[in-house]
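Enquirer: Okay, here's the structure, questions in a sec.
The values are calculated or read from the model by the stated rules, or taken from the named source; none is laboratory data. Not measured: the values here are computed from a predicted model. Because the Cβ atoms are built from the backbone with ideal geometry, glycine has one as well, and the counts that use them run over all protein chains shown. Note: accessible area is taken over every heavy atom of the protein model, side chains too, but ligands, DNA and RNA are not part of it. Shrake-Rupley method; radii C 1.70, N 1.55, O 1.52, S 1.80 Å.
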Amino acid sequence: MRTAVCVKRVPAPGARINISADGQSIDTTHLAFTTSPHEECAVEEALRLTEKHGGDVTVFTLGAGAADEQLRYGLSLGAQHAVLLPTDGTDWDPQRTAAALADAIREREARDGQFDLILFGNESADSGGFQVGIRVANALGRACVNGIKGIDIADGIATARRESDVGLEVYELAMPAVLGVKEGINLPRYPTLKGRLSSKKADVDVVTPAGVAGGQIALRLLPAAEQVSETVILGHGPDAAPAIVDLLEELGLLS
Amino acid sequence: MSTVLVVLEHDRGSLADASLEALTAGRGLAGQLGVGMAAVALGGSAAMAGVAGSYGAATIHVVDHEFLADYGPEAWGESLAQLVQFLQPAAVIATGTDRGNEVMAQAAARLDLPMVANVLEARPSSMAGSLWALTRVRWGGSLLESTSLTSATPMLTFSHHAVIAEPIAAPGLAGVETFVPSLDAAHARTNVRDRVERPAGVTLATARIIVSGGRGVGSAENFAPLTELATTVGGVVGCSRAVTNNGWRPHSDQVGQTGTRVAPDLYIACGISGAIQHWVGAMASKKVLAINTDPEANMVTKADYAVIGDLHKVVPAVTAEILRRRG
């Protein structure tokens, strides 16, 4: 079974994000970068499926040249191949990103054979467009479901589960297929020392992406309005319990 | 006349509250453009005309096909794309839920149109070369992005919980139009095949109180007093990403950007520092109470109420006080 995973390099979650002076980008001076959380789980899922069913994993990313780091991280965990689509570092719009990824995947498949499964993260942690995987699937003519928190493979069918308001929805996709996964599908592993060392020397293929800009143009970043709240201190330690229960009563939550 | 088309979200005919947010946002946009508003119920029924009308839709397009009886991203997205081609609306609006974003992205991909997710504000642009000026959220809401859109048919999802649903003062009944899309079995290949219903009871999405724990809880076992308090008040337990990463709670309990966005009456944050990625998942709560040893923690400064102290002592004391008052 051949699996592809498309990942994005983003600042580490939890970091305080500052905007550059011109408002065009974020100030990356003191930021650590990582693989977007949903996609970190997508890589882990691809590795687990490969361990179970055989085959190989190819990690793709489109982004600044520095995104080589996220590809090598994938290799250090156990992926076999990596493909970098370098940009000038600006955030490409979703249509352009998807078109470039679809081209790179087609090219790779023409050379090495079809990917049975292509995994994306449900949405990127930074721009949160909720669409690149769906657009790639559409360009390749493949079935796609987002929001997946469980995958089983048997007899050429990917059975995928997604949480809904009332429980779980189950989807059955004949492969080749595309799935957008969510954090929580697994707990990603850490690389071994051996994996780290060998990933440094591994080959990362570089494919220069073309692609025409789509209709969405990010102009400027702005800080979100800080929620200003006059915090009412109800008390200190367990002595504050009666004040908390008074609050619950006041809000009508103990009826 | 051109209209703003609003996608109603429903599950087997049961309308989601998110639909009311989309109708309210769509009505605002239609007002700005001086056009009417229509709703679309993919696989829905004429029974939704009442709600659509009470939020200001003049028409409801009931999209009817056997492949739309249950949810399927491709069947729903393809049907929406066909309706958009037929109606040529001034804009297409949905709420940015899992289904809302997915159906809009499926339709936009098929129409080769841009789709912008999690918008807060949309207005026609006065800038040369741009047709729409948008403000949307990034980083789950911690940054905003001002975006220009060159599409004449903007397809937008509005950020969930960012719009307060409001019916109109003098509601009418929306006129029902039936639209039959041309679908084949291939479009239904991603339809829901089976469902596993969760045992009935409150969930993060429906609870009035969420008792949520962070790194400060310290272990899986230490969640027991939080569970006890939640059970006592008829609420549920939530947690931060640090907790699921440590394996103390299942990911389905996680509140935040990569977990569930919640909106209870009261969110009790116990030992949660309040990183922005957690806050964006909790900020739609009506009231937030932080219990934390650190008076400078982000969660404390952002909360409506706070108790400074050790959650391991405060939480059991609250449960005991409730039981004492109940006698």
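Enquirer: Distance in nm between label sites at residue B:296 and residue A:12, each 7 Å beyond Cα in the beta-carbon direction?
Expert: Inter-label distance under the simple model: 2.0 nm.
Enquirer: Among all the lysines, which ones have a C-alpha under 25 Å from residue B:286's C-alpha, if same-chain residues fewer than 8 places away are not counted?
Expert: Within reach: B:302.
Enquirer: With angles folded into 0 to 90 degrees, how steeply does helix A:37-53 sit against the dominant principal axis of chain A? Use alpha carbons for both and round to 10.
Expert: 50 degrees
Enquirer: Sticking with this one: Normalised by the residues of the range B:28-125, what does the relative contact order come to in percent, with Cα pairs under 8 Å and at least six apart?
Expert: Once normalised by length, the contact order is 23 percent.
Enquirer: Between residue B:198 and residue B:325, what is the label-point separation in nm under the 7 Å Cα-to-beta-carbon projection?
Expert: Modelled inter-label distance: 2.8 nm.
Enquirer: Per the 1.4 Å probe, what fraction of the accessible area of the range A:14-120, in percent, lies on carbon and sulfur atoms?
Expert: On the range A:14-120, the fraction of accessible area on carbon and sulfur atoms equals 46 percent.
Enquirer: Ignore the peptide's own chain and count Cβ atoms of other chains within 10 Å of each Cβ in B:309-317; give me the average, rounded.
Expert: If you average over the peptide's residues, the count of other-chain Cβ atoms is 4.
Enquirer: Another one. Please report the relative contact order for chain B, taking Cα pairs under 8 Å with a sequence separation of at least 6, and give it as a percent rounded to a whole number.
Expert: 14 percent
Enquirer: Using mean Cβ contacts within 10 Å as the protection proxy, how do B:224-230, B:184-190, A:191-197, B:105-111 order, highest first?
Expert: Packing proxy ranking, top to bottom: B:105-111, B:224-230, B:184-190, A:191-197.
Enquirer: While we're looking at this one, here's another question. Counting each DSSP H run of 4 or more residues in chain B as -39500 (n - 2.57), what helix-only mean residue ellipticity at 222 nm follows after dividing by all residues, to the nearest 500 deg cm²/dmol?
Expert: That comes out to -8500 deg cm²/dmol.
Enquirer: Restricting to Cα atoms and excluding each atom paired with itself, what does the Kirkwood estimate give for the range A:1-67 in Å?
Expert: 13.7 Å
Enquirer: Greater than 25 Å separation of Cα atoms is the criterion. Which listed pairs, A:8/A:200; A:149/A:194; A:8/A:201, meet it?
Expert: Table pairs above 25 Å Cα-Cα are A:149/A:194.
Enquirer: Evaluate the distance, in nm, between pseudo-label points positioned 7 Å from the Cα of residue B:265 and of residue A:233 along their respective Cα→Cβ axes.
Expert: Once both label points are built, they end up 2.8 nm from each other.
Enquirer: Which trypsin sites (Lys or Arg not before Pro) from the range A:3-44 combine a DSSP loop assignment with at most 15 other Cβ atoms within 10 Å?
Expert: Hits after loop and neighbour filter: A:16.
Enquirer: Hey, which aspartates and glutamates would be in cross-link range of residue A:52, C-alpha to C-alpha under 18 Å, not counting anything within fewer than 8 residues on its own chain?
Expert: Those aspartates and glutamates meeting the cut-off are A:44, A:116, A:152, A:155.
Enquirer: What is the Cα coordinate range of chain A on the first, second and third principal axes, sorted by size from largest, in whole angstrom?
Expert: 69, 48, 42
Enquirer: Just to confirm the number: angle between the C-alpha axis of helix A:68-77 and the first principal axis of chain A, 0 to 90 degrees, nearest 10?
Expert: 90 degrees
Enquirer: Based only on Cα atoms, what Rg/Rh ratio does the range A:1-137 have, Rh being taken as Kirkwood's radius?
Expert: For the range A:1-137, the value is 0.97.
Enquirer: Counting only helical runs of four or more DSSP H residues, what would the 222 nm mean residue ellipticity of chain A come to if each run contributes -39,500 (n - 2.57) and the total is spread over all its residues?
Expert: Rounded to the nearest 500, it is -9000 deg cm²/dmol.
Enquirer: Right, here's the next one. Enter the angle in degrees (range 0 to 90, nearest 10) between the Cα long axis of helix B:17-33 and the first principal axis of the Cα atoms of chain B, meaning the one along which they spread out most.
Expert: Its long axis makes an angle of about 50 degrees.
Enquirer: Which order do peptides B:122-131, A:26-35, B:317-326, B:288-297 fall in by mean Cβ count within 10 Å, highest first?
Expert: Averaged packing, sorted descending, gives the order B:288-297, B:317-326, A:26-35, B:122-131.
Enquirer: Next up: Would you work out which of A:159, A:212, A:133 lies farthest towards the positive end of the dipole of the range A:99-255? Charges go on Cβ: Lys and Arg +1, Asp and Glu -1.
Expert: The residue sitting farthest along the positive end of the dipole is A:212.
Enquirer: According to the Kirkwood expression over distinct Cα-Cα pairs, how big is the hydrodynamic radius of the range A:79-202, in Å?
Expert: It is 16.2 Å.
Enquirer: Oh, and also: Just to be sure I understand: if I project the alpha-carbon convex hull of the protein assembly as shown onto a plane and average over all orientations, what area do I get in nm²?
Expert: 27.0 nm²
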